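Comments concern the structure below.
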Amino acid sequence: MDFGIVTAKVDEIGYITHAENLGFTHCWVTDSQMIRSNCWAVLALAARDTRRMRLGTGVNVPALRLAPVAANGIATINRLAPGRCFISFGTGHTAMRTLGQRPMRLAPFREYVEVVRALLAGKEVDYTLEGETHPIRFQMREHCFIDLEHPIPIYIAGFGPKAQALAGEIADGLVSGLPRGGSVPAMLAHAERRLPGDFLTAAMVTLALRRPGEALDSDRIVAECGPAILSGLHYLVARHLETGEDPPEYARPIWKGYLAWLEEVPPAQRHQRLHGSHYSFLDPVEARFITSALVEAVCLAGSPEEIVERVRALTQEGLKQIMLYPPLNRQYRVIEDFADSVMARL
């Protein structure tokens, strides 16, 4: 099992290097232009200051930039950190919804990923832009503006069966979550081909390391896990508003109250309120919706010994990486506690 961090703050590269020193192997930089630093700037600085850690996006959003631009971005970082880079793509839950837009549909998403894959493999590909199709390829490679010599894996983020099937078909790995993405075997079952041995299965996990006798809704656990729990709730609410989809059982006790809180702002601004604290901090007003039942349902919760056993079980299921995304004011503490209490025992 590998362990990664998720981040996107351009002036906190020290957090990334600290994680590398603790034994974290991957840094996933988010791509949300309305709430985060620019992903390429963060990755460039991280490439300069790290030595072993693998660096990439978690995840790029196709609707924000042309496919050749995304391919160039990671190939440029690969010039700074050769052989340590990866790129991953998602349809755009946060980045698009903070613009008041819906995520990309799977058909154009697939086409986009396939263009990036061809370009990163050094191939010429027919590319369509504004109705015109022309062959394109990276040129002047002998001048080393970018690095295509060291392979760059491509991963797809998928929480539903169709996206997970697409990852199994055309990508080098799947990025999902637990429990929202389902069990590891269930996620991999959607693949319609025999997956290669180096196929990556990574999951973003919200960690609740309990102290002896500590309640699941203690102030400390809520402070450390609350932003991630609420970000998961944001996803469920956005899906509900767009499709009418009912919430899972664990969210139903607080569902009506949360929707009522959201409706306190005008409809045109609700997409901003919905993502206002996204994975970064705990809104003290929004925190009232966090219950022990919600923590238990969403988090990997337990004593260090219980977490170690759960990680071992996930490894047996086929999970190859756990990604941690703590809030800004707890991020150092969370990764240090995890490294000392869990990683050191594995």
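The values are calculated or read from the model by the stated rules, or taken from the named source; none is laboratory data. Values in this document were obtained by computation on a predicted structure and should not be read as measured data. Note that we place each Cβ from the backbone using ideal geometry, even for glycine, and neighbour counts take in every protein chain shown. Ligands, DNA and RNA are stripped out before the accessible areas are found, and what is left, the full protein with its side chains, is counted by its heavy atoms. Shrake-Rupley method; radii C 1.70, N 1.55, O 1.52, S 1.80 Å.
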Q. Just wondering, is there one or more residues in segment 328-343 that are in a helix (DSSP H, G or I), under 20 Å from the mean Cα position of the chain (by Cα), over 25 Å from residue 249 (Cα atoms) and β-branched (Val, Ile, Thr)?
A. yes
Q.
Test of understanding: among 64, 43, which residue is under 17 Å from the mean Cα position of the chain (by Cα), modelled with pLDDT of 95 or more and buried (at least 23 other Cβ atoms within 10 Å of the Cβ)?
A. 43
Q: Just need a number here: residues in segment 305-327 that are in a helix (DSSP H, G or I) and open to solvent by 30 Å² or more (accessible area, probe 1.4 Å).
A: 9
(Q) With the requirement that a residue be open to solvent by 30 Å² or more (accessible area, probe 1.4 Å), touching a residue at least 24 places away in the same chain (Cβ under 8 Å) and within 28 Å of residue 209 (Cα to Cα), what does segment 258-296 give you? (A) 279, 281, 282, 283, 285, 291, 292, 293, 296
Q. Can residue 108 be described as in a loop (DSSP other than H, G, I, E, B) and either without any contact (Cβ under 8 Å) to a residue 60 or more places away in the chain or open to solvent by 50 Å² or more (accessible area, probe 1.4 Å) (or both)?
A. no
(Q) Return the residues of segment 237-249 that are assigned to a helix (DSSP H, G or I), open to solvent by 20 Å² or more (accessible area, probe 1.4 Å) and either touching a helix residue (DSSP H, G or I) at 6+ places or on another chain (Cβ under 6 Å) or closer than 13 Å to residue 298 by Cα (or both); say none if nothing qualifies. (A) 249
Q. Which of (1) open to solvent by less than 50 Å² (accessible area, probe 1.4 Å); (2) in contact with a strand residue (DSSP E or B) (Cβ under 8 Å, 6 or more places away or on another chain) does residue 234 not meet, given it meets every other one?
A. (2)
Q: Hey, can you tell me all the residues within segment 46-61 that are assigned to a helix (DSSP H, G or I) and either among the acidic types (Asp, Glu) or open to solvent by 50 Å² or more (accessible area, probe 1.4 Å) (or both)?
A: 48, 49
Q) Conditions: (1) in contact with a Gly (Cβ under 6 Å, 6 or more places away or on another chain); (2) open to solvent by 40 Å² or more (accessible area, probe 1.4 Å). Residue 26 meets all but one. Number of the miss? A) (2)
Q | Failed item, numbered, when residue 172 is tested on (1) buried (at least 16 other Cβ atoms within 10 Å of the Cβ); (2) farther than 20 Å from residue 323 by Cα; (3) in contact with a strand residue (DSSP E or B) (Cβ under 6 Å, 6 or more places away or on another chain) | A | (2)
Q | Filter result for residue 141 (under 18 Å from residue 72 (Cα atoms) and open to solvent by 70 Å² or more (accessible area, probe 1.4 Å)) | A | yes
Q: Can you confirm whether segment 255-276 contains a residue that is under 18 Å from residue 327 (Cα atoms), under 25 Å from the mean Cα position of the chain (by Cα) and not in a helix (DSSP H, G or I)?
A: yes
Q. Looking at (1) among the hydrophobic types (A, V, I, L, M, F, W, C); (2) under 24 Å from the mean Cα position of the chain (by Cα); (3) at pLDDT 95 or above, which is the one condition that is false for residue 188?
A. (3)
Q | Unmet requirement for residue 226, which otherwise passes all of (1) buried (at least 21 other Cβ atoms within 10 Å of the Cβ); (2) within 16 Å of the chain's Cα centre (by Cα); (3) of a type outside the set (Val, Ile, Thr) | A | (2)
